[in-house]
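Inspection log for the structure reproduced underneath, given as structure tokens.
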Amino acid sequence: MANPRRKLIFNIYMGFYCSAIMANICICSQFSTSSIDPFNKDPGAFPVATNGEPFPWNELRLPRVVVPLHYDLLVHPNLTSLDFVGSEKIEVSVRDATQFIILHSKDLEIMNVILQSEEDLRYRKPGKRLNVLSYPAHQQIALLVPEALMADLRYSVAIDFQANLANGFQGFYKSTYRTHGGKTRIIAVTDFEPTEARMAFPCFDEPSFKANFSIKIRRESGHIALSNMPKVKTIELEEGLLEDHFETTVKMSTYLVAYIVCDFNSVSGTTSSGVKVSIYASPEKWSQTHYALEASLKLLDFYENYFDINYPLPKLDLIAIPDFESGAMENWGLITYKETSLLFDTKTSSVSDQLWVTKTIAHELAHQWFGNLVTMEWWNDIWLNEGFATYMELVSVNATYPELQSDDAFSDVCFTVIKKDSLNSSRPISNQAETPTQIAEMFDSVSYNKGACILNMLKDFLNEEKFRKGIIHYLKTFSYGNAKNDDLWNSLSNNCLGDFTSGEFCYSDSKMTSNTLAFREESAELKEMMATWTLQKGIPLVVITREGRSLRLQQERFLSGVSKEDPEWRALQERYLWHIPLTYTTSSSNVIHRHVLKSRTGNELISQVGVSILKLNMF
Ligand SMILES: *[C@@H]1O[C@H](CO)[C@@H](O)[C@H](O)[C@H]1NC(C)=O
Ligand SMILES: *[C@@H]1O[C@H](CO)[C@@H](O)[C@H](O)[C@H]1NC(C)=O
Ligand SMILES: *[C@@H]1O[C@H](CO)[C@@H](O)[C@H](O)[C@H]1NC(C)=O
Ligand SMILES: *[C@@H]1O[C@H](CO)[C@@H](O)[C@H](O)[C@H]1NC(C)=O
Ligand SMILES: [Zn+2]
């Protein structure tokens, strides 16, 4: 997503969320995944469900014994009564025998749950009705199965539920706008990142539980419905209601699911690879959609080419939502924007408006690869999504709209975060998020801006072509899956020779070659270097002094607000050390020399024999 305003709300929410763990420090080792001991002598050790019964799971993260494969989801919102009813069938695969299924669910009324085995489905047996326990502190429900689910089998869980359309900007919520005639119109829209899909339907609401989704939406004839995928058909129901069926999605995380019921208009175009792109806005703002269409067509073409991976869906909609919390949200195939982040009026908008709209489109389109196709394993590495999308704004807007001079604006991206990062209160980009504060801190300029800036630094260090090949490798290797920091460093330091785009893993065990060793060394070095930038907070200051015919290089932690004379300064320096890629050129030739400054002590010298001028930081 774009825009920090959204993050504040998130922080408050996560603070609450985590204090629930803190208040509930119970040891879970006594829970096997298979059953609850009904005679447990110490019921206090179990979380207690709303009905007073012990809740069989006491961790915030879901168990991984039951994994979702496919969701069949029918949603019927009513924009008059401002509520919705839903029903879903989740096809799950069971890895180990278990007597319960834990799902996320928040503020939903669960009406009915039916479990069917493969055999039930085959012989059209009705299945079993399951008891449901609810544990709101963890936003979880437990479905209790009378006979243990068997390992390696598939089951189908059908759930009926209902809720009010949410007030606010999260989950499945109501948004309103006023027509020129002064009438208020209502639309219903979703916004799920990071943990609000569970407000719209019970689900395995964690980024690594990827599944396919088949979505159906009921609506009145005066409205349209949109979702991640194109509509395949509409069927007529009684009382004039219509039901739109959408194509099944690719495998994706729950936070990227989206659907909207509205009365908007659109403009459409087609990219050179045949993807239909449409921009939607309320009828009276429709005339401001044309620039966004032009920009998104150009940018989508650019990314398909740059990443060497086609955008995998047949269509991409971008829609301007009247009430929207963040700048935009990258739902796969249906990106939602605040109106000011998408709409552009050639008569009244400024060049800086144009830059903002272009950058926000570029950011969300980059997420279709970084985030949607390859997703971070857990939210602590959100910088893998946001740092990359912010970095790709620079690359793609510079290439498609050079006249906007977006590369000038990029130094702001770095200086903004340097200000924050030079305070002792900053944090590492990738942080084990244990306490509420640490988790809340993940969604800030460190993930977005510092993430983008160190990627830019790394690109200069590796060179553009190698960096690009590395990220293509990363995207191809982890498509439809999840990744961690180390996966990125491994991909970036791959030493593949030959045809890169064939998509082979040049370092897989079956392909050991003489360059495997070189790869391992390079990979270890890169990992070590990037660890100094991602696992410790702060930024270094490089100090260079002339000593005779040499230059002495030293590094120290750059601190604002603490002077070197202050006794505190030395204490704050301790243990901070970076591997800093430096470049320089001298008056004796045009060659750009490279040097990685790895020590603090100042023993690294650059010999400067017979040279009158030396320039550092050359790219
Ligand atoms: C919403 O409810 C009203 C009655 O309150 C009904 O007339 C209308 O058809 C319903 N719309 C949908 C989409 O169900
Ligand atoms: C699920 O998504 C994968 C791609 O991630 C796709 O290959 C597969 O066909 C999809 N399954 C269904 C049932 O559409
Ligand atoms: C911007 O585009 C120019 C011209 O294509 C290119 O030389 C330069 O490297 C690009 N800068 C970035 C940051 O991508
Ligand atoms: C700097 O921050 C660390 C925690 O990251 C803390 O332990 C230390 O006391 C702080 N130092 C000062 C001088 O504030
Ligand atoms: Zn983003």
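Please give me, ordered by residue number, the trypsin sites (Lys or Arg not before Pro) of the stretch 519-595 that lie in loop per DSSP and have at most 14 other Cβ atoms within 10 Å.
Those satisfying the criteria are R549, K564, R575.
Which of F169, F344 has the fewest other C-beta atoms within 10 Å, and how do the rest follow up to the most?
Fewest-to-most ranking of F169, F344: F169, F344.
In a shell of Cβ-Cβ distance under 15 Å around G240, excluding G240 itself, what net charge do Lys and Arg (+1) and Asp and Glu (-1) give?
-4
Would you pull out the residues with amide H under 5 Å of R427's amide H, same chain only if 5 or more places away, H placed 1.01 Å from N?
The list, which skips near neighbours in sequence, is G538.
Per residue of the stretch 103-113, in order, report the coupling 6.51 cos²θ - 1.76 cosθ + 1.60 (Karplus, θ = phi - 60°) as ³J(HN,Hα) in whole Hz, putting x for Gly and Pro.
Result, rounded to whole Hz: 10, 7, 7, 9, 6, 10, 8, 8, 9, 7, 10.
Express the relative contact order of the stretch 85-137 as a whole percentage, based on alpha carbon pairs under 8 Å and six or more residues apart in sequence.
Normalised by residue count, the contact order of the stretch 85-137 is 26 percent.
Which three extents, in whole angstrom, do the alpha-carbon atoms of the stretch 174-302 cover along their principal axes, largest first?
45, 44, 29 Å, listed from the longest principal axis down.
Which three lengths, in whole Å and largest first, does the stretch 97-223 cover when its Cα atoms are put on their principal axes?
60, 34, 25
May I ask you to list the GluC sites (Glu not before Pro) in the stretch 546-580 that are in a DSSP loop and have at most 11 other Cβ atoms within 10 Å of their Cβ?
In loop regions of the stretch 546-580 (DSSP not H, G, I, E or B), the sparsely surrounded GluC sites (Glu not before Pro) are E565, E574.
Run through the stretch 105-214 and list the trypsin sites (Lys or Arg not before Pro) located in a DSSP loop whose Cβ has at most 16 other Cβ atoms within 10 Å.
R124, K183
Can you give the Rg to Rh ratio for the stretch 268-388, taking only C-alpha atoms and Rh from Kirkwood?
When Rh is taken as the Kirkwood radius, the ratio is 0.96.
³J(HN,Hα) across the stretch 578-589 via Karplus (A = 6.51, B = -1.76, C = 1.60, θ = phi - 60°), whole Hz, x for Gly/Pro?
Per-residue couplings from phi come out as 10, 9, 9, x, 10, 10, 7, 9, 10, 5, 7, 7 Hz.
D for the stretch 295-358, whole µm²/s, Stokes-Einstein with Kirkwood Rh over alpha-carbon pairs at 20 °C and 1.002 mPa s: what number?
165
Work out how far the C-alpha atoms of the stretch 83-122 reach from end to end along every principal axis, then list the three figures in whole Å, largest first.
Taking max minus min along each principal axis of the Cα atoms, the stretch 83-122 gives 35, 22, 13 Å.
Amide H of A258: which non-local residues (sequence gap of 5 or more, or other chain) have their own amide H closer than 5 Å, using H built in the peptide plane?
Those qualifying (amide H under 5 Å, at least 5 residues apart or on another chain) are N228.
Which percentage, to the nearest 5, of the DSSP beta bridges contained in the chain is antiparallel?
80
In whole Å, what is the distance between the alpha-carbon centres of the stretch 75-108 and the stretch 179-199?
So the separation of the two Cα centres works out to 20 Å.
For the chain, what number results from the quotient of the Cα radius of gyration and 2.2 N^0.38 Å?
Here the answer is 1.06, to two decimals.
Could you work out the relative contact order of the chain? I mean the mean sequence separation of Cα pairs under 8 Å and 6+ apart, divided by the number of residues, in percent.
10
Taking the Cβ of each residue in S93, S253, S81 as the centre, tally the other Cβ atoms inside 10 Å and list the residues starting with the fewest.
In increasing order of surrounding Cβ atoms, one gets S81, S93, S253.
Report the extension gain between H290 and S612 in nm, rounded to one decimal, defined as 0.36 nm multiplied by the number of residues separating them, less their alpha carbon distance.
110.4 nm
Amide H of F264 versus every other amide H placed in the peptide plane: which residues, excluding those fewer than 5 positions away on the same chain, fall under 5 Å?
The list, which skips near neighbours in sequence, is I224.
Fewest first, what order do F84, F461 take by the number of other Cβ atoms within 10 Å?
In order of increasing Cβ crowding within 10 Å: F461, F84.
Could you quote the convex hull projected area for the stretch 332-436, Cα atoms only and averaged over all directions, in nm²?
8.5
For every helix of n ≥ 4 consecutive DSSP H residues, a contribution of -39,500 (n - 2.57) applies; sum these over the chain, divide by its total residues, and give [θ] at 222 nm rounded to the nearest 500 deg cm²/dmol.
Rounded to the nearest 500, it is -8000 deg cm²/dmol.
Read-outs: derived from the displayed coordinates by stated rules, not from any lab. None of the values given here were measured: they were computed from a predicted structure. Cβ atoms come from the backbone with ideal geometry, glycine included; neighbour counts cover every protein chain shown.
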